[in-house]
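A.B. asks: What follows is a structure written as structure tokens; I'll ask about it next.
The values are calculated or read from the model by the stated rules, or taken from the named source; none is laboratory data. On a predicted model such as this, the values are computed, not experimentally measured, just so you know. With ideal geometry, Cβ positions are generated from the backbone for all residues, glycine too; neighbour counts draw on all protein chains shown.
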């Protein structure tokens, strides 16, 4: 019986083959690793850019919503506001909305509403005036005031009239502009300003 030397034969060859990975050594593994690294180098920055773009878009939408929140709010102004700013919005008015601004120099209440002929007459009567005092084609609300709340007062193709009610300080000054496209349902825009 012949003895085989320890470490010789096929088992030793198999071990060597497993380590070498065949012809060319470990190159296939290195190519795979390179492919993964290249993939990560491309996808990570692309993913970061996509996330940044989404956050930027969301931020822009939030800013737009915040800007909207600063504008007119649907509904009647509070009773206190109506009393302080002397804006007696008629009952049963439609499309009522308001917006108040305050600073140490001046405070203003912006109000819009659609009413009836009688409603407009009653509103003006409470302010000590009448519909005949409305000046034809007069837009008394300034462009700057209108821009603040997105009003299109003075736009061509509409029937406008307006007036300014001046009172002694600290009583408010009212700029009233009316769109009379439908005389039975006039739309009224008011800016009441108080200077402390």
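A.B. asks: Could you check the range 91-100 and list, in sequence order, the residues that are crowded, with 17+ Cβ neighbours inside 10 Å and part of a strand (DSSP E or B)?
C.D. replies: Across the range 91-100, the qualifying residues are 96, 98, 99.
A.B. asks: A further question follows. Identify, from the list 69, 74, the residue that is surrounded by fewer than 10 Cβ atoms within 10 Å (Cβ to Cβ) and modelled with pLDDT of 95 or more.
C.D. replies: Working: 69 fails: modelled with pLDDT of 95 or more.
Being surrounded by fewer than 10 Cβ atoms within 10 Å (Cβ to Cβ) and modelled with pLDDT of 95 or more holds for just one of 69, 74, which is 74.
The rows are residues; the columns are (1) within 14 Å of residue 185 (Cα to Cα); (2) over 22 Å from the mean Cα position of the chain (by Cα).
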position: 91; (1), (2): yes, yes
position: 102; (1), (2): no, no
position: 117; (1), (2): yes, yes
position: 144; (1), (2): no, no
position: 148; (1), (2): no, no
position: 154; (1), (2): no, yes
position: 159; (1), (2): yes, yes
position: 164; (1), (2): no, yes
position: 167; (1), (2): no, yes
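A.B. asks: If a residue must be within 26 Å of residue 106 (Cα to Cα) and out of contact with any helix residue (DSSP H, G or I) (no Cβ under 6 Å at 6 or more places or on another chain), how many such residues does the range 133-180 contain?
C.D. replies: Residues flagged as within 26 Å of residue 106 (Cα to Cα) and out of contact with any helix residue (DSSP H, G or I) (no Cβ under 6 Å at 6 or more places or on another chain) within the range 133-180 amount to 33.
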